[in-house]
Amino acid sequence: MKKVLITGITGYIGGTIAKKLLDRNYEVTGLIRNEAHVQELESLGIKTIVGNIHNENLIKAAVADVEAVIHNADSADDAYVVDNLIKALEGSHKTFIFTSGSAIFGGKENGKKSDFVYTEDFPLTPRLEMASRVLINNHVLQSVQKKIRSIVIVPAMVYGEGLGIKKDSIQIPALINFSQKKGHGVYFGEGENIWSNLHIEDLADLYVLALEKAKEGSIYYAENGASSLKNIAEIISKKYHLEPARSLSVQDAVDNFGPAGGYFGFASNSICSAGKAKTELGWNPVYNSIENFI
C-alpha cells in the first residue's frame, strides 16, 4: 500500500483526489490547518495531521512517513511552502506532484478572443502577473536534480461536483452567484475569451495516473473541452431563469473578483491541449461538456 500526503485535502481538488486514491487502496493523510475537519476526514478513512503548512519541522515529519506528496493547498503562488516541501523531500526519490493553474496562459485580453493553444513543449513567456507561478512550476520540475520525482499538473477551468468535503469549484459558482445578484448572466468586455475546461473527476483520475506512471520532471496540461465566457454566461441565464446575459466592464470583474480573478480568471484566454497526458499516461477523460454541469 502506498502512503500519500495531500495538502489542501479539505478543498475541491484535494478532496476528490483523496477519494480516488482511497478507492484504489492507498493510505491517505491530509495536512490541515485546524481540527475542525479531523472527525469528518477520519470518518472517510483519511488520516490527519493538524498544523501550519509553513512549519518546517512539521513538514519534515509529515513527509518522512509517506512515499508521495500531492500539493493542493490554496498556495500555488506560495514559494515558501514549495521550498519547504522540496527541502523536506530532497534526496528521497519520493514523488512530489504540484498543482499549478492555467491562468499562466492568460494574456490579459480583456474579453477578446485568442485562438492560441498552449502545449507543454511551447516555451512560456508569461505576463508579469503570472511570472512567479511559472517560476515555481519550473523550480518544482528542476527538483529532479535533488533526487525528487517531481511532476506538475496544470488544470484548466474545473467544473462538476467534488467527491470530498468541498463540493464546488471556484470560477463557475462565482459567476453564478454574481449573475444572480445582478439578475442576468455576466461576461466581461466582449466575453469572447475562451477557457479550456475539465470535469473534477477526470482531473483527479489524471493525478492518480501521474502518481503511478509519470516520468520524473514531467508537466501535464489538463483539459477536455473549451468554452467562451459569453457562452457560459448565456447558459447561466437560461438555467437560473435570469435576464439575458450581458456584458459588464473588466473593471467590474476586478472590483468583484480582485485583479487576478478579474483580469485572468474571467477576462483572459486560457487554452491548452492535454494531448501529452492522454498519450503518455493513457488518460481518457469522459466528460467533455461544461454546459451540462453549470
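Observations on the model:
- Residue list for region 2-24, filter: open to solvent by less than 10 Å² (accessible area, probe 1.4 Å) and free of Cβ contacts under 8 Å to residues at least 40 places away in the same chain: none
- Residues of region 250-267 satisfying the condition of being more than 16 Å from Val186 (Cβ to Cβ) and either in contact with a Pro (Cβ under 8 Å, 6 or more places away or on another chain) or buried (at least 24 other Cβ atoms within 10 Å of the Cβ) (or both): Phe264
- Any hit, region 25-43, residues being touching a helix residue (DSSP H, G or I) at 6+ places or on another chain (Cβ under 7 Å) and open to solvent by 20 Å² or more (accessible area, probe 1.4 Å): no
- From the list Asp168, Asp115, the lone residue that is at pLDDT below 95 and either surrounded by fewer than 17 Cβ atoms within 10 Å (Cβ to Cβ) or under 12 Å from Ile219 (Cα atoms) (or both) is Asp115.
- Lys108 fulfils the conditions (1) farther than 30 Å from Gly45 by Cα; (2) open to solvent by 50 Å² or more (accessible area, probe 1.4 Å); (3) in a helix (DSSP H, G or I); (4) not β-branched (Val, Ile, Thr) except for a single criterion, (3).
- The single residue among Glu120, Glu129 that is part of a helix (DSSP H, G or I), open to solvent by 20 Å² or more (accessible area, probe 1.4 Å) and not small (Gly, Ala, Ser) turns out to be Glu129.
- Residues in region 85-97 include at least one that is surrounded by fewer than 21 Cβ atoms within 10 Å (Cβ to Cβ), over 16 Å from Glu216 (Cα atoms) and free of Cβ contacts under 8 Å to residues at least 60 places away in the same chain.
- Against the numbered list (1) over 19 Å from the mean Cα position of the chain (by Cα); (2) open to solvent by 40 Å² or more (accessible area, probe 1.4 Å); (3) hydroxyl-bearing (Ser, Thr, Tyr), Ser143 comes up short only at (2).
- When residues of region 78-105 are limited to those that are under 16 Å from the mean Cα position of the chain (by Cα) and of a type in the set (Ser, Thr, Tyr), the one nearest to Gly265 (Cα to Cα): Ser102
- Here Glu291 passes the criteria (1) at pLDDT 95 or above; (2) closer than 30 Å to Val152 by Cα; (3) open to solvent by 20 Å² or more (accessible area, probe 1.4 Å); (4) touching a helix residue (DSSP H, G or I) at 6+ places or on another chain (Cβ under 9 Å) except the one numbered (1).
The values are calculated or read from the model by the stated rules, or taken from the named source; none is laboratory data. Values in this document were obtained by computation on a predicted structure and should not be read as measured data. A quick note on method: Cβ atoms are made from the backbone with ideal geometry, for glycine too, and the neighbour counts reach across all protein chains shown. Heavy atoms of the whole protein, side chains included, go into the accessibility calculation; ligands, DNA and RNA do not. Shrake-Rupley method; radii C 1.70, N 1.55, O 1.52, S 1.80 Å.
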